[in-house]
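The values are calculated or read from the model by the stated rules, or taken from the named source; none is laboratory data. The structure presented is a predicted model; accordingly, all values stated were derived computationally and were not measured. We place every Cβ from the backbone using ideal geometry, glycine too, and count neighbours over all the protein chains shown. SASA here: full protein model, heavy atoms, side chains in, ligands and nucleic acids out. Shrake-Rupley method; radii C 1.70, N 1.55, O 1.52, S 1.80 Å.
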Amino acid sequence: MSNPPGPTPLMRQYEEIKRQYPDTLVLFRMGDFFETFNEDAKITSRILGIVLTKRSNGAAADTPLAGFPHHALDTYLPKLVKAGYRVAICEQVEDPKLAKGIVKREVVEVVTPGTLTTDRTGKSNQYIAALHFEKDRAGFACYDPATGEFFLGECPNDQLVETLRKFAPREVVVAESVTYSTAPWYRELRPFVTKVEDGLFHLQDCLKRLQNHFQTVSLKGFGVDRYPLGLTAAGVLFAHNQDTLNSPMDHVLRLRPVTREGIMILDGFTVRNLELFQSLITQGTHGTLLDILDQTTTSGGSRLLRQWLMRPLAEKASIDERLEIVAALVKEEVLLADLRDRLKRLVDMERVLSRISMGKAHPKDVSALGTTLQALPDIRQLLERIEGSAVTGLVSDFEDTDAVAAEILNTLDPDPPVQIGKSPTIAAGIHPELDELRTLLQGGKEWLRSLQEKERERLQIPSLKVGFNKVFGYYLEVTKAHLERVPATYIRKQTLVNSERYITPELKEYEEKILTAEERILTLETELFYDLCRSVLRRGAAIQKNSEVLNRLDVLSTFAHLARHRRYCRPVMVDEPILELKDNRHPVVETLLPASDRFIPNDVSMDAAKNQIQLITGPNMAGKSTYLRQIGLTVVMAQMGSFVPASSARIGVVDKLFTRVGASDNLAGGESTFLVEMNEAANILNNATRNSLILLDEIGRGTATYDGLSLAWAITEYLH
């Protein structure tokens with residue numbers, strides 16, 4: 001009895017790769033398709049809704065199979081990752097024509113929820129984080145692969161939830177020994193969690209890895225040397241991305257420390273209650289402060305606006321610097337419109353730089369980057385026409401990238417293709433051999449057209465034509481009605497229903513020249529394009545700096561645009577604990593009202609030395625909650641650097657903003673409405689300072705009348 005045949009060589013290759021990535025869906029490149037096998041195929045078929053088929057594995061049983069065209073990767077990959085799976089992309093890494101036996105394949109990238117960079121809008125950051133714990137403190141590092149932004153810091157364990165909430169990481173990397181299922185940060189944020197070896201969390205190894213990446217002997221220049229736990233987390237995040245996920249990080253050009261100094265503290269309750277990012281009713285962005293403020297013209301500006309909204313300033317000088325620029329732009333109506341129109345045409349440089357670093361940029365990406373860099377001098381000149389030291393400071397932040405722009409635009413064809421080889425990528429005059437090959441190729445194609453006309457006339461066969469396919473190459477096709485006129489020098493190659501196809505030695509000789517020229521052109525253009533990409537990366541720091549300046553300019557010009565169109569006034573910021581708003585309006589509600597209605601403005605006058613606490617009473621639906629929220633939103637807008645919805649405003653800088661508005665339970669967490677309310681109140685009482693603003697919308701509900709009144713009375717007395 002003979003033994004059953006074993007797996008085919010192809011399946012043995014697949015199984016070897018799969019053993020290296022056991023908990024990962026492996027997309028296995030086979031020609032023009034990505035295929036999955038066995039259990040991976042069943043999962044892929046279910047998630048993507050594609051047909052599950054079978055292929056022979058050389059054994060008695062068939063192997064489940066599911067696949068899709070390789071050009072549809074950007075469509076299908078996000079669906080697999082968002083379903084909660086890691087995905088390994090296994091590519092063919094040698095030319096199938098040159099392969100001896102099975103084509104060599106390798107995993108070129110592993111994609112996880114935290115490293116998926118196919119968000120087409122680019123309007124929000126998508127972070128992957130790493131955490132390192134030591135006693136009662138936590139170090140954290142957060143990295144956005146799409147932009148190269150990298151943040152790190154430390155905080156007490158009880159502040160970790162609020163710290164991570166600012167970044168909302170999609171994935172968190174922790175040590176194998178960490179138990180996270182009951183941790184507050186996991187229960188609150190529910191990220192995808194990846195565990196790595198404990199041995200990676202060694203400070204000296206992490207420091208060495210970071211120093212090697214930035215090519216420095218010290219990290220003090222980044223201002224992060226006082227965060228050893230954060231640096232450990234950063235080193236682990238680098239190791240995980242580079243070694244495990246095969247993700248290049250050349251576009252990470254600096255580390256940014258995360259500090260609470262000079263930043264207004266907004267806890268999770270406040271962010272939710274004020275509906276800064278998400279509506280309490282719809283759970284979407286409609287009806288939020290972000291929704292009405294985000295009239296930015298660029299993706300980078302939109303990302304920065306979100307960061308500013310999550311982290312308003314708490315330092316008068318920094319706030320005034322932003323307000324000064326906004327005030328200068330408000331005065332220049334025509335210039336402001338021109339500036340916003342110019343910004344609208346610019347490409348997202350941070351994301352293009354990221355794609356270049358990861359080897360995913362196409363020629364049109366890089367060409368658009370060159371066009372954007374070329375536009376910067378005109379934008380600088382436009383800003384130089386505005387008076388004010390704050391604007392001058394912004395202009396001086398621009399780096400000189402004219403040489404990079406010139407190199408890109410001189411190297412690439414004026415209208416490059418998305419994919420190299422589809423049309424000319426490199427401009428004429430850049431490489432002599434490339435120019436010669438193009439001339440040869442063009443001449444060869446002219447020769448083919450000439451051959452067709454010559455043979456038609458010589459043989460008196462008007463329907464004769466020269467064609468091409470991948471199997472036979474170039475051929476002469478003659479319909480069967482004219483076969484008697486075919487000369488003996490024609491060599492029959494293929495018989496069709498209505499025609500015959502022939503080749504000649506002369507035709508095959510030209511075919512060899514043309515095809516060789518096409519292959520060489522593709523090779524040269526690919527080499528020259530990636531040489532250009534490497535050259536651009538060498539100036540990556542300057543490009544990133546200019547991108548950051550443009551993002552700031554976009555947000556500040558948006559504030560100026562809103563101020564002009566919505567009758568916002570410039571707030572006067574002071575260091576005294578006061579709040580004086582004249583004709584204050586709710587910034588969101590007034591934009592949602594029908595055109596026939598008008599929001600009735602209100603005044604606020606508070607001074608910690610005279611009238612520290614104000615009690616508001618009134619019937620249901622009288623607008624008490626709206627009034628409280630508009631005060632909180634106005635303060636947040638002011639400390640972001642925006643003008644505010646009022647006729648005048650004098651605001652003492654707030655270090656922490658607390659709100660307790662609305663009622664909801666958390667039954668899944670075992671918390672009733674009353675307990676949720678008490679937790680929020682306790683957070684306020686434990687963390688408020690002399691310069692904090694507290695907005696309480698009813699306290700002590702869900703209890704007996706006198707119990708609720710006692711709670712409200714005691715809390716008010718304590719705050720006073």
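Among the listed residues THR244, THR296, THR282, which satisfies the condition of being of a type in the set (S, T, N, Q), under 28 Å from LEU394 (Cα atoms) and open to solvent by 10 Å² or more (accessible area, probe 1.4 Å)?
Checking each option against the conditions leaves just THR296.
Picking from THR659, THR703, which residue would you name as being part of a strand (DSSP E or B) and either at pLDDT below 80 or of a type in the set (S, T, N, Q) (or both)?
Going through THR659, THR703 in turn, the sole match is THR659.
Can you tell me how many residues within the range 337-380 are farther than 14 Å from LEU550 by Cα and of a type outside the set (Ser, Thr, Tyr)?
Matching residues across the range 337-380 total 17.
Sort out which residues of the range 466-480 are without any contact (Cβ under 8 Å) to a residue 12 or more places away in the chain and aliphatic (A, V, I, L, M), and write them in order of number.
VAL471, the sole residue that qualifies.
To keep it simple, each residue is scored yes or no on (1) out of contact with any helix residue (DSSP H, G or I) (no Cβ under 9 Å at 6 or more places or on another chain); (2) farther than 30 Å from LEU553 by Cβ; (3) charged (D, E, K, R); (4) assigned to a helix (DSSP H, G or I).
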residue: VAL604; (1), (2), (3), (4): no, yes, no, no
residue: LEU615; (1), (2), (3), (4): no, yes, no, no
residue: ASN620; (1), (2), (3), (4): yes, yes, no, no
residue: GLN630; (1), (2), (3), (4): no, no, no, yes
residue: GLN639; (1), (2), (3), (4): no, no, no, yes
residue: SER642; (1), (2), (3), (4): no, no, no, no
residue: ALA682; (1), (2), (3), (4): yes, yes, no, yes
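What about SER396, is it open to solvent by 50 Å² or more (accessible area, probe 1.4 Å) and more than 15 Å from GLU511 (Cα to Cα)?
yes
Taking the condition of being among the β-branched types (Val, Ile, Thr) and surrounded by 17 or more Cβ atoms within 10 Å (Cβ to Cβ), how many residues in the range 563-588 meet it?
1
Scan the range 613-636 and report the pairs whose first residue is on the phi > 0 side of the Ramachandran plot and whose second residue is assigned to a helix (DSSP H, G or I) and surrounded by 11 or more Cβ atoms within 10 Å (Cβ to Cβ), with Cβ atoms within less than 9 Å and a gap of 6+ or a chain change.
GLY618/LYS624
So for the range 449-465 (the condition being closer than 30 Å to VAL486 by Cβ, touching a residue at least 40 places away in the same chain (Cβ under 8 Å) and out of contact with any Cys (no Cβ under 8 Å at 6 or more places or on another chain)), does at least one residue qualify?
yes
Check GLY84 against each of (1) crowded, with 18+ Cβ neighbours inside 10 Å; (2) closer than 21 Å to PHE167 by Cα and name the one condition it does not meet.
For GLY84, the failing item is (1).
Restricted to the range 17-75, and to residues that are at pLDDT 90 or above and of a type in the set (Asp, Glu), which residue is least open to solvent (accessible area, probe 1.4 Å)?
Among those that are at pLDDT 90 or above and of a type in the set (Asp, Glu), it is ASP40.
Pairs only if they're at least six apart or on different chains, beta carbon under 6 angstrom, first in the range 69-97 and within 12 Å of PHE33 (Cβ to Cβ) and touching a residue at least 40 places away in the same chain (Cβ under 8 Å), second among the aromatic types (Phe, Trp, Tyr) and open to solvent by 60 Å² or more (accessible area, probe 1.4 Å); list them, first residue then second.
none
Please find, among ARG534, ARG539, the residue that is modelled with pLDDT of 90 or more, charged (D, E, K, R) and more than 30 Å from LEU383 (Cβ to Cβ).
From the options ARG534, ARG539, the qualifying one is ARG534.
Inside the range 327-354, can you point out the residues that are open to solvent by 20 Å² or more (accessible area, probe 1.4 Å), in contact with a Lys or Arg (Cβ under 9 Å, 6 or more places away or on another chain) and without any contact (Cβ under 8 Å) to a residue 60 or more places away in the chain?
If the condition is that a residue be open to solvent by 20 Å² or more (accessible area, probe 1.4 Å), in contact with a Lys or Arg (Cβ under 9 Å, 6 or more places away or on another chain) and without any contact (Cβ under 8 Å) to a residue 60 or more places away in the chain, then GLU332 is the only one that fits.
Output the residue which, of all residues in the range 355-370 that are among the aliphatic types (A, V, I, L, M) and touching a residue at least 24 places away in the same chain (Cβ under 8 Å), is most open to solvent (accessible area, probe 1.4 Å).
Per the stated criteria, the residue is MET358.
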